[in-house]
Amino acid sequence: MPYYRRLKSGLWQATVRSPSGKRSTRTDPLKSVVKTWAEDAEAGMRRGEWADPKDGRVTLGEWWDQWSQARVIEYATTKRDESHWRAHVQPRWGAVKIGAITAWDVEGWIAKMKKDGVGGHALAQSVRLLRHMLADAARHKMIPGDPTATVRIPTPPKHVDRFLSREEFDMLLEEMPTARDKAMCTLMAYAGLRWAEAAGLESWAVDVPRAQLTVLTVVRRDGSVKRRPKSDSGQRVVPLVAPVLEAVAPFLGGGPLFPGMDYTNWRRRVFIPARERAGLADPQPTPHDLRHSFGSWLAERGVPPHEIQALMGHSTLRATERYLH
């Protein structure tokens, strides 16, 4: 039950206690005001909807420090969110109290980012990050509700898959500077491996007599190793054709085939220059498009969709449908 008292100053004060035992107070010259507040607070507690106004006084930067430490997510997701926080969310909202953030302010922030030329993917991910933070703050009763719930998250530009023909892939492969780089590209195009899966391949995983490899270890973009693939379905056995066996043969030994690989460095120093020398038509392919091409080539040969799904390590058939053109 709420507790009411009149202070020496003549003001009225109401005190309520949350289910956790935390006390909150409201002071006003009129008893009716504090009584209404206390009754609303009690009703909100019974419904599980009440939030202590004091919790809304923490800044978003303070909430980020708590919230980001409590999350259990993939390393790549952590790095992505940290980047969007530093570049876009923190400069605008870091010093703002979470209880003071409104939907109107968020929409104004989105409009400004669009005018400033922030990329579509960065813009969408930044807004989504802010929404996750405020939705969790509302779930923990730090604020009454998520002010971004009614805000429309901008749709990022749709990715255009670039499927290489075999002739285009041969042209690209010819421009790769080393046997290691040729082997990386061959694994992506003829075995359907993601870059991280090819970079993390170990000698024990390549079964030459059976002409197959096991996808298990992956390398993150910063060069660190993860002992499991992107998803459970990503752990798979892939048959190897002769070009792949020939490409990886020089690197088979007692450990990783390609130690020390770094995606950003490899893409900038190896893949892009080779792509330019090859003179491929626009849109220019990315390393991941080599894997897309593998799926496309299988579909062209009439391989059933469920087999393509298994070979590429997709968790759902929907992800495979992009190759059935």
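Quick rundown of the values:
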quantity	calculated
Cα centroid of region 106-136 to Cα centroid of region 180-219, whole Å	37
Debye log10 I(q)/I(0) at q = 0.10, 0.11, 0.14 Å⁻¹ for the chain, Cα point scatterers	-0.75, -0.84, -1.12
Where the chain is the region considered: accessible area per residue in Å², 1.4 Å probe	55
Estimated D of region 129-231 in µm² per second, where Rh is the Kirkwood radius over Cα pairs and Stokes-Einstein applies at 37 °C, 0.692 mPa s	185
Degrees, to the nearest 10: 120-139 long Cα axis against longest axis of the chain	40
His306 accessible area, assembled protein chains, probe 1.4 Å, Å²	120
Of all accessible heavy-atom area on the chain, the percent that carbon and sulfur account for (1.4 Å)	52
Among Asp170, Asp282, Asp232: highest mean-square fluctuation, GNM of the chain, C-alpha pairs under 10 Å	Asp282
Distance violations [Cα-Cα > 28 Å] among Lys22/Lys79; Lys79/Lys112; Lys8/Lys97; Lys114/Lys158; Lys182/Lys226; Lys79/Lys158	Lys22/Lys79; Lys8/Lys97
Cα-based helix-to-principal-axis angle, 287-300 vs the chain, degrees rounded to 10	70
Probe 1.4 Å, all protein chains present, accessible-area order of Ser296, Ser224, largest first	Ser224, Ser296
Expected 222 nm ellipticity per residue - DSSP helices of 4 or more, -39500 (n - 2.57), all of the chain, to 500	-13000 deg cm²/dmol
Which of Tyr190, Tyr3, Tyr263 is most accessible, then next, and so on - probe 1.4 Å	Tyr3, Tyr190, Tyr263
Spin-label model distance (nm) - Arg228 vs Glu42, 7 Å beyond Cα toward Cβ	4.9
Residue-level accessible surface for Trp297, protein heavy atoms, 1.4 Å, Å²	10
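The values are calculated or read from the model by the stated rules, or taken from the named source; none is laboratory data. None of these values were measured; they are calculated from a predicted model. Note that we place each Cβ from the backbone using ideal geometry, even for glycine, and neighbour counts take in every protein chain shown. Note: areas computed on protein heavy atoms with side chains; ligands, DNA, RNA excluded. Shrake-Rupley method; radii C 1.70, N 1.55, O 1.52, S 1.80 Å.
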